[in-house]
Amino acid sequence: MSTKATITHGENFHLYEECYDFAGENVWLQIDDVTQIEILAVGRHGTSVTLAIPRTMMRKIVEGFVRDEARRAPEDEAENPDQSG
């Protein structure tokens, strides 16, 4: 059984949430066929990861994420009515 809740996906990417992230603060991005990656150890603040992402893929990722956020907006407002606009 998968713990991934898909936000959006395409041929070479998968943007999703993990069911065990109960606070819902994170999203995960899996990218296949990566052609360039840079990983830097950054001391006390953790690690920095830089990916080269094709613009067409990034556009699909962002559009899917925005669609998912808009779909969730009514429930978010109901949970946090004092944080509107």
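Some notes on this structure:
- Helical contribution to [θ] at 222 nm, DSSP H n ≥ 4, -39,500 (n - 2.57), averaged over the chain, rounded to 500: -10500 deg cm²/dmol
- Karplus-derived 3J(HN,Hα) values for the range 16-31, using 6.51 cos²θ - 1.76 cosθ + 1.60 with θ = phi - 60°, are 8, 10, 9, 4, 7, 8, 5, 6, x, 8, 10, 10, 10, 10, 9, 10 Hz; glycine and proline are entered as x.
- In order along the range 45-50, the phi-based Karplus estimate (6.51 cos²θ - 1.76 cosθ + 1.60, θ = phi - 60°) of 3J(HN,Hα) comes to 9, x, 10, 10, 10, 10 Hz; Gly and Pro are listed as x.
- In the list (i) 10.9; (ii) 8.2; (iii) 9.3, the label attached to mean projected area of the Cα convex hull in nm² as derived from the coordinates here is (ii).
- Helix axis angle, 55-79 relative to the chain longest principal axis, alpha carbon, degrees: 30
Read-outs throughout are calculated quantities, based only on the coordinates presented, and are distinct from any laboratory measurement. Given the structure is predicted, the values throughout are model-derived calculations rather than measurements.
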